[in-house]
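Student: Let me begin by handing over the structure; questions about it come next.
The values are calculated or read from the model by the stated rules, or taken from the named source; none is laboratory data. Just so it is clear, the structure is predicted and the values come from calculations on it, not from any experiment. When we count neighbours, we look across all protein chains shown, and the Cβ atoms used for this are built from the backbone with ideal geometry, even at glycine. When the accessible area is computed, the model is the full protein with side chains, heavy atoms only, and any ligands, DNA or RNA have been set aside. Shrake-Rupley method; radii C 1.70, N 1.55, O 1.52, S 1.80 Å.
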Amino acid sequence: MKHFIVACALALPLVFNAGAAHAGGVERLKAFIAGAKTAEADFTQTVADKSGRVSQQASGKMAFARPGKFRWDYNAPYEQVIVGDGVKLWLYDVDLEQVTVKSLGDVIAGTPAALLAGDNSIEKYFSLKNAGEAGGLEWLEATPTTRDTTFERIRMGFKGDVLVQMELFDFFGQRTTLKLSRFVRNPSIPASRFTFTPPKGADIIGE
């Protein structure tokens, strides 16, 4: 479960302005890269196996500041905090009182974080294509150019100028769906939100 939480946290779902009224998914993504520097949103996360059976569900709040800073607070069904401070990735499991820390550069390459919250060189790491309209959304499909990644492909669905859904497909046939709501685009977010200090007494694993 934890590797999926970290991987999906790196998805960093965001809201942004579309470049044109009927722009395809690729154009909307590029408009986001050009215009969205920060965002906040609520999310729900569902993981389904190859047969479509739902095996995991979670929800919480997220925030991000490009490039490379983000925070995910999972509040159901368990509490976890994931913070990217631009240098390191921190994962705090409240129930276990355990903190895992890794170099952000080691885990961000080839992930949705590189796609949405990295620099402007997105096409260096992903092959992008418009995926048409379905379910009232305009879709983009991104395929990592590196094999050193958790995901086989990523789909993003836009409604108007808002990214409202992401679908992440792994190499085992599992699909993680992230649905986003209550977006705030380019809010002022204090820098302290993207810092993490391990709680006193917590076990620390990693760097």
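Student: Over the stretch 138-207, average the accessible area per residue using a 1.4 Å probe and give it in Å², no decimals.
Tutor: Spelled out: the 1.4 Å probe surface of the stretch 138-207, per residue, equals 57 Å².
Student: Heavy atoms only, 1.4 Å probe, whole protein assembly: order Glu207, Glu133 by accessible area, highest first.
Tutor: Heavy-atom accessible area, descending, gives Glu133, Glu207.
Student: Over 18 Å between Cα atoms: which of Lys88/Lys124; Lys30/Lys129; Lys30/Lys124; Lys61/Lys124; Lys69/Lys159 fall into that group?
Tutor: Lys88/Lys124; Lys61/Lys124; Lys69/Lys159
Student: Still on this structure, I have one more. Output ³J(HN,Hα) for the stretch 194-203: one whole-Hz value per residue in order, computed from phi by the Karplus curve 6.51 cos²θ - 1.76 cosθ + 1.60 with θ = phi - 60°, and x for Gly and Pro.
Tutor: With coefficients 6.51, -1.76 and 1.60, one gets 10, 10, 9, 10, x, x, 4, x, 6, 6 Hz.
Student: On to the next question. Multiplying the sequence separation of Thr38 and Asp95 by 0.36 nm and subtracting their Cα-Cα distance, what value in nm do you get?
Tutor: That works out to 17.6 nm of additional length.
Student: 7 Å from Cα along Cα→Cβ at both Ala76 and Lys124: what's the point-to-point distance in nm?
Tutor: Taking the simple label geometry, Ala76 and Lys124 are separated by 4.1 nm.
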